[in-house]
Amino acid sequence: MTTLTGIAASPGIAIARAFLLSSERFIPVRQSVSDSSTEIARFREAVASSQTEIESLRISTEERLGADKAEIFEGHLMILEDPDLIDAIELKIDEDTMNAEFALYETAQTFIELLQSMDDELLRGRAVDIEDVCGRLMSHLRGIPHMDLAGMSEECIIVARDLTPSDTAQLNLDYVRGFITEVGSRTSHSAIMARSLEIPAIVGAGIAVQQIAAHTIVVVDANQGILHVNPTDEELEAYRALKQADDKRRAALGRLKELPTFSKDGKQVELAANIGKLEDIQRAIDNGAEGIGLFRTEFLYMGRSSLPTEEEQFTSYKYALEKMNPKPVVIRTLDIGGDKELPYMELPKESNQFLGQRALRLCLDRQELFRTQLRALLRASRYGNLKIMFPMIAVLEELLEAKQLLEEEKQRLLAEGVELGEHIEVGMMVEIPAAAIAADLFAPEVDFFSIGTNDLIQYTMAADRMNETVAYLYQPWHPSLLRLIRFVIQAAEKEGKWVGMCGEMAGDETAIPLLLGLGLHEFSMSAGSILPARELIGQLDQTAWCSHATNTLSMRNSQEITQFVQDIIKGVTHHG
Ligand code: PEP
Ligand code: MG
């Protein structure tokens with residue numbers, strides 16, 4: 001058996017034979033033609049057949065997966081109508097009297113190379129679409145069917161360099177059990193599609209993928225990001241048992257999807273999702289999110305060449321609010337700077353970017369940028385349950401100024417007769433130790449806190465969250481951090497305010513019992529962690545964990561604390 005690793009893109013375990021999706025591209029030979037008009041007619045026929053094919057793919061994808069997943073094919077149809085590309089091919093056939101295949105190949109290559117060299121991620125993505133559409137055109141010109149993924153007839157694991165959008169849309173789900181790709185990341189198109197189709201998938205497994213022979217048995221353990229090729233009979237038996245247990249667990253979790261979250265002794269908490277893009281909302285809903293606990297709006301500003309307008313932002317916020325309504329959506333104002341750059345804003349280089357003019361600091365400095373976002377948020381507020389959250393607050397004055405600007409924009413819109421939501425909660429992230437230590441001073445001024453442990457840990461430990469060499473200091477379970485968290489919750493409770501957490505720690509199964517014990521009200525995490533967290537919380541006794549958590553505050557280090565938690569969870573000590 002050979003074992004390979006990659007990125008776990010869509011969870012689950014799959015076992016089947018490998019179906020190799022050839023990524024070899026046909027390279028045509030240049031031929032001179034005497035009659036370029038016949039050649040152009042042949043090319044136009046290929047365009048027409050491709051249009052019909054893509055249109056039917058668009059319709060079937062919309063039926064199976066919804067309009068947003070079918071959108072990609074609208075883009076493909078637009079490429080077929082794009083005069084820059086299509087006219088260029090026809091011109092080449094005509095002027096250079098060459099065969100349609102070669103004119104298509106050469107022109108497409110020029111477009112693809114140009115787009116691939118761009119900095120803009122969206123434009124680079126367009127290169128994939130052009131490659132996909134031109135591959136289809138080439139198949140039609142050659143009179144051979146486009147790789148018939150829909151026509152497969154036995155269970156398989158697709159093994160490919162990458163899967164194009166039309167490959168994924170054509171997968172026959174009666175037979176495809178999982179897939180593995182050589183390239184890609186958690187956010188690549190194939191990964192996103194796998195999650196929405198709920199097919200176990202590992203992406204970015206590297207060049208070793210090419211060594212997988214057709215029809216060999218492959219085990220895809222997409223919970224761990226590991227794949228096993230050619231297991232022995234005994235290994236296969238073990239994996240089948242593991243798969244059965246995993247499928248059972250997953251099916252059981254599905255039953256928790258529509259349910260609220262209660263601890264064993266009846267304490268209710270809320271499990272929400274962190275999102276960056278609008279596409280993430282459906283996943284949050286599918287995974288039983290009770291709200292959005294963190295909408296990182298900076299993603300609306302990224303991957304483009306200028307600031308999003310008020311109207312563009314309004315449309316995005318309205319969409320999110322309507323889609324989740326009446327569930328809450330906590331939208332965080334722009335958190336740019338630090339590791340998140342916006343090339344077109346030309347932010348000054350700082351010697352220590354995480355301690356520089358980041359997030360709200362920048363927004364208070366560039367008020368027009370901030371006011372645009374606030375207006376878009378306020379205008380969207382009547383479409384759902386909006387909560388506005390300010391990031392990176394260190395001192396009270398920053399909070400008060402942000403609130404003041406919000407109030408000014410609110411009054412301006414009201415004076416213009418714009419209808420706003422009735423009660424918009426306003427909260428802040430607690431991610432700087434100064435704010436955590438003085439949480440009692442902030443609590444009267446907010447409706448809620450959301451603890452951002454990703455930053456709170458780095459600032460508490462003075463350990464850059466991106467720096468591998470100090471990763472040992474990045475300790476979510478350290479008593480110093482747990483004490484801060486407890487203080488923030490107690491300070492909020494005194495004022496009758498709620499506290500959430502939207503850092504990665506909130507979805508961590510070792511942290512959840514302690515956070516429940518410390519009295520956290522809302523846990524916001526990546527969508528895939530929600531159902532396992534709901535199941536776990538249902539098995540925990542909140543009252544007991546309240547005293548366990550208090551015990552951990554006087555322990556000496558993270559190791560003692562994590563060991564203590566794990567022992568109780570496993571039921572091997574008498575504390576539980
Ligand atoms: C955090 O700091 O915990 C957080 C959620 O914000 P981000 O990861 O976007 O900095
Ligand atoms: Mg942060």
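Spot the failing condition for HIS423; the list is (1) more than 15 Å from ligand 1 (Cβ to nearest atom); (2) outside any helix (DSSP H, G or I); (3) modelled with pLDDT of 95 or more, and only one is missed.
All conditions are met except number (3).
For region 320-336, check the following and say yes or no: at least one residue is over 28 Å from ARG465 (Cβ atoms), away from ligand 1 (no atom under 16 Å from the Cβ) and of a type in the set (Gly, Ala, Ser).
no
Report whether or not ILE561 is more than 16 Å from ligand 2 (Cβ to nearest atom), closer than 22 Å to THR261 by Cβ and in a helix (DSSP H, G or I).
Judged against the criteria, ILE561 is not a match.
One line per residue, one yes/no per condition, for (1) in the same structural domain as LEU536 (by TED's automatic domain parsing); (2) touching a residue at least 12 places away in the same chain (Cβ under 8 Å):
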| residue | (1), (2) |
| --- | --- |
| GLU234 | no, no |
| TYR239 | no, yes |
| ASN274 | yes, yes |
| LEU278 | yes, yes |
| GLY303 | yes, yes |
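For region 356-368: of the residues being in a helix (DSSP H, G or I) and in contact with a strand residue (DSSP E or B) (Cβ under 6 Å, 6 or more places away or on another chain), which is surrounded by the fewest Cβ atoms within 10 Å (Cβ to Cβ)?
LEU362
For THR261, are the conditions met, namely being β-branched (Val, Ile, Thr), more than 16 Å from ligand 1 (Cβ to nearest atom) and surrounded by fewer than 20 Cβ atoms within 10 Å (Cβ to Cβ)?
no
Would you call SER10 over 27 Å from ASP247 (Cα atoms) and of a type in the set (S, T, N, Q)?
No, not satisfied.
So is ARG371 in a helix (DSSP H, G or I), at pLDDT 95 or above and within 14 Å of ligand 2 (Cβ to nearest atom) or not?
So ARG371 does not fit the description; no.
Per-residue answers, yes or no, for (1) assigned by TED's automatic domain parsing to the domain that holds HIS548; (2) surrounded by fewer than 22 Cβ atoms within 10 Å (Cβ to Cβ); (3) in a helix (DSSP H, G or I):
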residue	(1), (2), (3)
TYR472	yes, yes, yes
SER480	yes, yes, yes
ARG483	yes, yes, yes
GLU493	yes, yes, yes
GLY500	yes, no, no
MET505	yes, no, yes
LEU516	yes, no, yes
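Among the residues of region 450-460, is there at least one that is more than 16 Å from ligand 2 (Cβ to nearest atom) and surrounded by fewer than 23 Cβ atoms within 10 Å (Cβ to Cβ)?
The answer is no, given that none of the residues of region 450-460 is more than 16 Å from ligand 2 (Cβ to nearest atom) and surrounded by fewer than 23 Cβ atoms within 10 Å (Cβ to Cβ).
When VAL488 is evaluated against the numbered criteria (1) crowded, with 22+ Cβ neighbours inside 10 Å; (2) free of Cβ contacts under 8 Å to residues at least 40 places away in the same chain; (3) not small (Gly, Ala, Ser), which criterion, by number, is the only one it fails?
Of (1) crowded, with 22+ Cβ neighbours inside 10 Å; (2) free of Cβ contacts under 8 Å to residues at least 40 places away in the same chain; (3) not small (Gly, Ala, Ser), only one is false for VAL488: (2).
The conditions are (1) in a loop (DSSP other than H, G, I, E, B); (2) surrounded by fewer than 19 Cβ atoms within 10 Å (Cβ to Cβ); (3) within 16 Å of ligand 2 (Cβ to nearest atom); (4) not basic (Lys, Arg), and ILE393 fails exactly one of them. Which is it?
Only one criterion is unmet by ILE393, namely (2).
Does any residue of region 392-410 turn out to be in contact (Cβ under 8 Å) with a residue 60 or more places away in the chain and within 16 Å of ligand 1 (Cβ to nearest atom)?
yes
Starting from region 421-437, keep only residues that are over 16 Å from SER450 (Cβ atoms), then list their pairs with residues that are within 15 Å of ligand 1 (Cβ to nearest atom) whose Cβ atoms are within a distance under 8 Å, requiring at least 6 positions of separation or different chains.
What qualifies is ALA434/ALA394; ILE437/LEU484.
In the same structural domain as ALA9 (by TED's automatic domain parsing) and touching a Lys or Arg at 6+ places or on another chain (Cβ under 9 Å): which single residue out of GLN210, GLN224 fits that description?
It is GLN210.
Hey, ARG296 hits all of (1) within 16 Å of ligand 2 (Cβ to nearest atom); (2) surrounded by fewer than 23 Cβ atoms within 10 Å (Cβ to Cβ); (3) over 14 Å from the mean Cα position of the chain (by Cα) but one; which does it fall short on?
(3)
Quick one: in region 302-358, which of the residues that are among the aromatic types (Phe, Trp, Tyr) and away from ligand 2 (no atom under 16 Å from the Cβ) is farthest from ILE292 (Cα to Cα)?
Filtering first and then ranking leaves TYR344.
The values are calculated or read from the model by the stated rules, or taken from the named source; none is laboratory data. Fair warning: this is a prediction, and the values are worked out from it, not measured in the lab. Reconstructed Cβ throughout: ideal geometry from the backbone, glycine too, with neighbour counts over all protein chains shown.
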